[in-house]
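Student: Input: one structure, supplied below.
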Amino acid sequence: MACSTNEKVESGVISTQEEADVRSVLLSYKNGIEQLSSEGMAELFYDDSKIYESGGDEGTFEHYMNHHLAPELELFESFKFENHHIEVKVDLPYAFTTETYSFRIVLKENSKVIERYGVATSVLKTEKGKWKILKTHSSSREISDNH
């Protein structure tokens, strides 16, 4: 079956536009973190989303934001992602993603620099033409000369 890059394939396999829309959600989340702002982030997640970070169950995005991420962002002078790569597989109505990146944080209090490698896997779902994050798990490790 031939289709343009903007059409969906009947089997549920994605179009280029669906993949771009999924990437846009992930990049919006990344950009919010880099701007040290939670504004608009909740709209990227389902109310009953699940967040896992480095082996811990952080609960819904609302809980994660209020009890983990927002307090952390207040401690940062800057947060910058680098070498950010996103793999997307769409099987409607879901999308499965893997992100790899490194990041650099500078703390406000003492200008300490934290550099780490990170990876995140997410499941997104589309409803009424809008993609949102259903589940995400991220972890990181120190950057060393051995890796």
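Student: Relative contact order for region 16-142: what percent, with Cα pairs under 8 Å and sequence separation of 6 or more? Write down the numbers at each step before the final one.
Tutor: Working: 246 pairs, mean separation 32.0, N = 127.
Result for region 16-142 is 25 percent.
Student: For LYS30, which lysines qualify as cross-link partners when the Cα separation must be under 23 Å and same-chain residues fewer than eight apart are set aside?
Tutor: By straight Cα distance, LYS30 reaches LYS50, LYS80, LYS89, LYS108, LYS112, LYS125, LYS130, LYS132, LYS135.
Student: Evaluate the charge dipole of region 55-109 about its Cα centre and quote only its size in Debye, nearest 20, assuming +1 on the Cβ of each Lys and Arg and -1 on the Cβ of each Asp and Glu.
Tutor: 200
Student: Still on this structure, I have one more. How long is region 16-142 along each principal axis, judged by its Cα atoms, biggest number first, in Å?
Tutor: Extents along the principal axes: 47, 28, 25 Å.
Student: Calculate the dipole size of the chain relative to its Cα centre from +1 charges on Lys and Arg beta carbons and -1 charges on Asp and Glu beta carbons; express the result in debye to the nearest 20. Present the calculation step by step, with values, prior to reporting the outcome.
Tutor: Working: 16 positive and 26 negative charges, 33 e Å.
Around 160 debye, computed over the chain.
Student: Using Cα atoms only, what is the angle between the long axis of helix 16-34 and the major principal axis of the chain, expressed in degrees (0 to 90) to the nearest 10?
Tutor: The two axes meet at around 10 degrees.
Student: Using +1 at the C-beta of Lys and Arg and -1 at the C-beta of Asp and Glu, which of HIS68, LEU36, ILE86 has the Cα lying farthest in the positive direction of the dipole of the chain?
Tutor: ILE86
Student: For each of ARG23, ARG141, count neighbouring Cβ atoms within 10 Å of the residue's Cβ, then give the residues from fewest to most.
Tutor: On the way: ARG23 17, ARG141 11.
Listed from fewest to most nearby Cβ atoms, that is ARG141, ARG23.
Student: What length, rounded to one decimal in nm, is gained on full extension from LEU75 through to GLN17, with 0.36 nm per residue of separation minus their alpha-carbon distance? Mind dumping the intermediate values first?
Tutor: On the way: separation 58, 0.36 × 58 = 20.88 nm, distance 3.70 nm.
Separation in residues times 0.36 nm, less the Cα-Cα distance, equals 17.2 nm.
No lab work stands behind these numbers, since they all come straight from the coordinates. A quick note: this is a predicted structure, and the numbers were derived from the prediction, not measured. Glycine also receives a Cβ, built like all others from the backbone with ideal geometry; neighbour counts cover every protein chain displayed.
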